Amino acid sequence: MPELPPHDIADLGLAARGRTRIEWAEHGMPVLGLLRERFAAERPLEGQTVAACLHVTTETANLVRTLAAGGADVTLVASNPLSTQDDTAAALVGEYGLSVHAVRGEDAEAYYRHIDVALDRRPTMTMDDGCDLVNRLHGERPGQAARVLAGTEETTTGVIRLRAMERAGALRYPVVAVNDTPSKRLFDNRFGTGQSTIDGIIRSTNLLLAGRTVVVAGFGFCGRGVASRARGLGAEIVVTEVDPIRALEARMEGYRVMPMADAAAHGDVFVTVTGNTSIIRGEHLEAMHDGAILCNAGHFDVEIDLAALEKLAVSRRGVRPDAEEFRMADGRRLVLLAQGRLVNLGAAEGHPAAVMDMSFADQALVMAWLSTEGPPRAAGVVDVPPGIDAEVARLKLASMGTAIDVLTEEQETYLGSYDLGT
Ligand code: NAD
Ligand code: ADE
């Protein structure tokens, strides 16, 4: 048996099952597959040591394989304590020879210990989903930042944190905001979070959504996806927002819009997806009816006030996998899914491969661009170059067998002119 790479995973015995699932996801990721072939031939990441802090899923496995095919020496660690698929981690180590340090359900000590292992490799590039690795590097090992050529960030909350670091003058190398590019955010956040959040709710409860009232807190890129998928299953949707434009959009989509103080008494299911903190607080929990279900699809487990829920409860018990019932003093029961962590990754498998194909094609192309051409500035938050975005969309359309029109010469001239009017 060949020597295994450094790892800390739950059970190497799960490797064969993990490999089958990674191959299943691979079929749904044709664009990334194409890039993997290109990377194997061109080796754009030769010489790079990559610390990747991402959800350890079958889709991520195919991204990491692509980076390795491109010549990178990759260490993968979890970007959330609950999102690791242990069979995927096992297959990456045992079947693909890649270094993984991640265990589903790991505590905070293990979570950061694993991040530290990736940083011990002295990365020249970082990939983050939520900014925990970048934050750890800058906070605990500022001397290492000078060694890092550049990084990428996968999610909205990570980009928000990076921009705050940049404003404070604390960000010491360039990080590309992959989240913000249209071929990621318009598809992954909306269609991916929309479907996989509903998937997590249904897997953990087996609830019939038809006829229920679903309260969606936050009508951003993710929230609108969740709302539209829940409506598609027959739920009545209530949206809570703080941004007047987004609240108006929700209203004109035909959803009811109201403050959480009013929504609390109406909802059968509550989904927080704001990227903000303390969205559902003690006073809201007090107003909820018996049996209300609470879950979160925002990056961190701070959107539902878990301390308030625990304080109000007189008892708690697991009622199904990933569902815990809290009994209040007045006898009401509130059900929390996936410990208030990302419900789509904690109670389901995250976004389907077909949508991660685009997000991770963006990631792979950005990494190759950074490695071969060099970042455009020394430090700060950097946009994905528009050429990459268009290439991913073109490749995805081609993989779906969908052709589109091309501007004629006359149309190009017309669009570039100002003298042709009525
Ligand atoms: P976004 O900025 O597009 O939307 C967030 C919305 O929440 C905004 O419209 C904002 O006005 C609203 N909001 C903020 N505070 C609020 C409050 N107190 N009450 C009600 N609404 C409030 O962000 P997004 O791209 O939709 O991402 C949202 C969160 O989901 C982030 O944490 C992001 O990292 C995470 N995310 C999760 C997944 C997943 O797989 N679960 C995928 C992508 C993004
Ligand atoms: N984020 C949301 N879904 C994901 C998935 N399937 N893999 C990796 N990151 C994700």
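The values are calculated or read from the model by the stated rules, or taken from the named source; none is laboratory data. This one's a predicted model, so the numbers in the text were calculated from it and none came from an experiment. Using ideal geometry, Cβ is built from the backbone for each residue, glycine included, and neighbour counts are taken over all protein chains shown. For the accessible areas, the whole protein counts, side chains as well, though only heavy atoms, and no ligand, DNA or RNA atoms are used. Shrake-Rupley method; radii C 1.70, N 1.55, O 1.52, S 1.80 Å.
For the reader, a short list of remarks on this structure follows.
- Cβ-Cβ under 9 Å pairs, at least 6 apart or on other chains, segment 245-266 side within 12 Å of ligand 1 (Cβ to nearest atom), far side open to solvent by 80 Å² or more (accessible area, probe 1.4 Å) and assigned to a loop (DSSP other than H, G, I, E, B): Met258/His266; Met260/Arg281
- Selection within segment 255-277 - in contact with a helix residue (DSSP H, G or I) (Cβ under 9 Å, 6 or more places away or on another chain), in a loop (DSSP other than H, G, I, E, B), surrounded by 15 or more Cβ atoms within 10 Å (Cβ to Cβ) and not aromatic (Phe, Trp, Tyr): Ala264, Val273, Thr274, Gly275
- Verdict on Asp383 being open to solvent by 70 Å² or more (accessible area, probe 1.4 Å) and closer than 22 Å to Thr157 by Cα: yes
- Val215 meets the conditions (1) of a type in the set (A, V, I, L, M); (2) buried (at least 21 other Cβ atoms within 10 Å of the Cβ); (3) away from ligand 1 (no atom under 14 Å from the Cβ); (4) farther than 23 Å from Ser83 by Cβ in every case but one. The failed one is (3).
- Meets criteria (of a type outside the set (A, V, I, L, M) and not in a helix (DSSP H, G or I)) for Gly158: no
- Filtering Glu26, Glu3 for residues that are assigned to a loop (DSSP other than H, G, I, E, B) and either of a type in the set (Asp, Glu) or touching a residue at least 12 places away in the same chain (Cβ under 8 Å) (or both) leaves a single hit, Glu3.
- Residue check, Leu285 more than 16 Å from ligand 2 (Cβ to nearest atom), buried (at least 23 other Cβ atoms within 10 Å of the Cβ) and not in a loop (DSSP other than H, G, I, E, B): yes
- Under the condition of being away from ligand 1 (no atom under 13 Å from the Cβ) and either without any contact (Cβ under 8 Å) to a residue 40 or more places away in the chain or in contact with an Asp or Glu (Cβ under 7 Å, 6 or more places away or on another chain) (or both), the residues counted in segment 341-357 number 1.
- Residue within segment 125-142 that is within 24 Å of Gly346 (Cα to Cα), within 16 Å of ligand 2 (Cβ to nearest atom) and in a helix (DSSP H, G or I) present: yes
- Single residue of Leu233, Leu294 found to be touching a strand residue (DSSP E or B) at 6+ places or on another chain (Cβ under 6 Å) and under 18 Å from Arg212 (Cβ atoms): Leu294
- Any hit, segment 109-120, residues being closer than 29 Å to Gly225 by Cα and either within 16 Å of ligand 1 (Cβ to nearest atom) or surrounded by fewer than 18 Cβ atoms within 10 Å (Cβ to Cβ) (or both): no
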